[in-house]
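To start, the structure itself, in structure tokens.
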Amino acid sequence: VGLVYMFNLIVGTGALTMPKAFATAGWLVSLVLLMFLGFMSYMTTTFVVEAMAAANAQLRWKRMEKRKDDEDEDSSSGVSDSDVLLQDGYERAETRPILSVQRRGSPNIFEITERVEMGQMASMFFNKVGVNLFYFCIIIYLYGDLAIYAAAVPVSLMQVTCSATGNHSCSVGDGTKYNDTDKCWGPIRRIDAYRLYLAAFTLLLGPFTFFNVQKTKYLQIMTSLMRWIAFILMIILALIRISRGQAEGHPSMAQLSGIRNLFGVCVYSFMCQHSLPSLITPISKKKHVNKLVLLDYILILAFYSLLSFTAIYCFRNDTLMDMYTLNFTNCEIINIAFIRYFLGLFPVFTISTNFPIIAVTLRNNWKTLFHREGGTYPWVVDRIVFPAITLIPPVLVAFCTHDLESLVGITGAYAGNGIQYLIPAFLAYCSRKDTQLVFGSGTVNKHLSPFRHTFWIVFVLIWGFSCFVFVTANIVLSESKL
């Protein structure tokens, strides 16, 4: 079940922008880069699991030390051993995952039984500067996420509603390139329609940022179900079109100019490291967790390849939309109106359920970053200022641009790079040093990454920093050409 959740978490909005990125970079370059980045993402996933085990060991060790001190005090104050043991057993049962409570015998000190979030791991293993850099990276990533979500919903609504009116009904995917200044309804231009939808989206979902979002289980189940129906439908429709000889795509083998965006999209599309504590901790038997995660990555790689290859051979490069679902709102592709509207509006439903959750997560990260020990925030700061600084920047970015491919590319290439490569590598390195200091050099972490040699950590760090330099140089060079 945990691995199904991981699959659903990774295969998200980024997958919808992948076909366009594949087409602009060429199929061979795209496939090689996708496989390499999938391997890198798997490696850093094992680093995070190892750091989680080390964090659990440290927390367990501190608790044992505290218990010894308390027992010494209790024995001197006359409290019986049986009282201490009863209370101790109750506390352990309350903090452990339900499935592991039934297991007998004392757990290995590196057993992952307690959920330790990435922020907590950063505060355990990093110094003050490292912790602040971690939160800065997470916040930038979440801002990028929100900007992508805030742009994707109005873009989908604009494309579907503007194409469903006037003389160009059904023609979203027929190769007609619309400008933002083209008319949508009467005097209203397409860009005006986009901004009206953005305003409506902000007014409807923005207020959730000012409250806590809870009990989203049924929303998440519905979202997952819709996502699977939409992805399978798109693959089947593209395959039917190719099998009938109606395919128009003639993708090139390699186009180096498209690598920058493809890199960002691929990094964004493999992102799961920040959610691993919530996914891995409840799994009862973690003995083969690394092998099962590897299987997950192989399945995701196959799925991304299938989605992207069917897309680039079915549609011409110049007709592929930033949001791949919009290619299926054309009557020639599918003549069933319900399916056209379902796929065209698919991002609206799924993204709208995720937006409040991401917004609340970002707001809470801001609070943690500025948290003062023992202090509380004034009501205005807590309820107005933090939600406002969470909501306003991504909406402004979405107001200025709706180029989804670039938004996903830049978010993945910068903040995603930090979260997926640099932070897990530093967590693995620092947790190994701390484990040796606390438990001695002979202690072996049972969840030690298969990539245990220091070479792999150095390799990931060099790769991560090289990517920063490459992407920045590419942006500067392309801007100077313009």
task = With respect to ILE280, determine if the residue is of a type in the set (Val, Ile, Thr), out of contact with any Cys (no Cβ under 9 Å at 6 or more places or on another chain) and open to solvent by 50 Å² or more (accessible area, probe 1.4 Å).
result = no
task = Filter segment 161-191 down to the residues that are closer than 23 Å to TYR149 by Cβ and open to solvent by 50 Å² or more (accessible area, probe 1.4 Å), then identify the one that is modelled with the lowest pLDDT.
result = TYR178
note = Scanning segment 312-327 residue by residue, the ones that are under 17 Å from PRO347 (Cβ atoms) and open to solvent by 10 Å² or more (accessible area, probe 1.4 Å) total 2
task = Under 6 Å between Cβ atoms, at least 6 apart or on separate chains: pull out the pairs that start in segment 133-145 with a residue that is of a type in the set (Gly, Ala, Ser) and end on any residue that is open to solvent by 10 Å² or more (accessible area, probe 1.4 Å) and assigned to a helix (DSSP H, G or I).
result = GLY144/THR411
query = So PRO107 fits all but one of (1) open to solvent by 40 Å² or more (accessible area, probe 1.4 Å); (2) within 30 Å of ASN56 (Cβ to Cβ); (3) at pLDDT 85 or above; (4) of a type outside the set (D, E, K, R); what number is the exception?
reply = (3)
query = Could you say whether any residue in segment 414-426 is surrounded by 13 or more Cβ atoms within 10 Å (Cβ to Cβ), closer than 24 Å to THR202 by Cβ and under 20 Å from the mean Cα position of the chain (by Cα)?
reply = yes
key: Looking only at segment 42-51, and only at residues there that are among the hydroxyl-bearing types (Ser, Thr, Tyr) and buried (at least 24 other Cβ atoms within 10 Å of the Cβ), the one that is farthest from HIS288 (Cα to Cα)   = THR44
ask   = Within segment 241-277, can you find the residues that are surrounded by 17 or more Cβ atoms within 10 Å (Cβ to Cβ), hydroxyl-bearing (Ser, Thr, Tyr) and modelled with pLDDT of 85 or more?
value = SER269
query = open to solvent by less than 40 Å² (accessible area, probe 1.4 Å), touching a residue at least 12 places away in the same chain (Cβ under 8 Å) and of a type in the set (Ser, Thr, Tyr) - does that describe any residue in segment 338-348?
reply = no
message = Among the residues of segment 329-338, are any in a helix (DSSP H, G or I) and either in contact with a Leu (Cβ under 7 Å, 6 or more places away or on another chain) or over 27 Å from ILE235 (Cβ atoms) (or both)?
response = no
The lone exception for HIS447 - which of (1) open to solvent by less than 80 Å² (accessible area, probe 1.4 Å); (2) under 22 Å from GLU117 (Cα atoms); (3) modelled with pLDDT of 90 or more it fails = (3)
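Outside any helix (DSSP H, G or I), out of contact with any helix residue (DSSP H, G or I) (no Cβ under 9 Å at 6 or more places or on another chain) and without any contact (Cβ under 8 Å) to a residue 40 or more places away in the chain, is that true of LYS291? Give the derivation first.
Numbers: outside any helix (DSSP H, G or I): no; out of contact with any helix residue (DSSP H, G or I) (no Cβ under 9 Å at 6 or more places or on another chain): yes; without any contact (Cβ under 8 Å) to a residue 40 or more places away in the chain: yes.
Answer is no for this residue.
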key: Every pair of residues 6+ apart whose Cβ atoms lie under 7 Å, when the first sits in segment 241-253 and is within 11 Å of THR310 (Cβ to Cβ) while the second is modelled with pLDDT under 80 and surrounded by 11 or more Cβ atoms within 10 Å (Cβ to Cβ)   = ARG241/ALA247; ARG241/ILE333
inquiry  = From the list PRO393, PRO356, PRO378, exactly one residue is farther than 26 Å from PHE125 by Cβ, touching a residue at least 60 places away in the same chain (Cβ under 8 Å) and over 16 Å from the mean Cα position of the chain (by Cα). Which is it?
reply    = PRO393
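Open to solvent by 30 Å² or more (accessible area, probe 1.4 Å) and either over 27 Å from GLY258 (Cα atoms) or in contact (Cβ under 8 Å) with a residue 60 or more places away in the chain (or both): which single residue out of ASN330, ASN335 fits that description?
Details: ASN330 fails: open to solvent by 30 Å² or more (accessible area, probe 1.4 Å).
Of the residues listed, the single one that is open to solvent by 30 Å² or more (accessible area, probe 1.4 Å) and either over 27 Å from GLY258 (Cα atoms) or in contact (Cβ under 8 Å) with a residue 60 or more places away in the chain (or both) is ASN335.
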inquiry  = When the residues of segment 1-19 are narrowed to those that are open to solvent by 10 Å² or more (accessible area, probe 1.4 Å) and among the polar types (S, T, N, Q), which ends up nearest to ILE221 (Cα to Cα)?
reply    = ASN8
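The values are calculated or read from the model by the stated rules, or taken from the named source; none is laboratory data. This structure is a prediction, so every number in the text was calculated from the model and none was measured. Glycine also receives a Cβ, built like all others from the backbone with ideal geometry; neighbour counts cover every protein chain displayed. Just the protein is used for accessible areas: all its heavy atoms, side chains included, with ligands, DNA and RNA removed. Shrake-Rupley method; radii C 1.70, N 1.55, O 1.52, S 1.80 Å.
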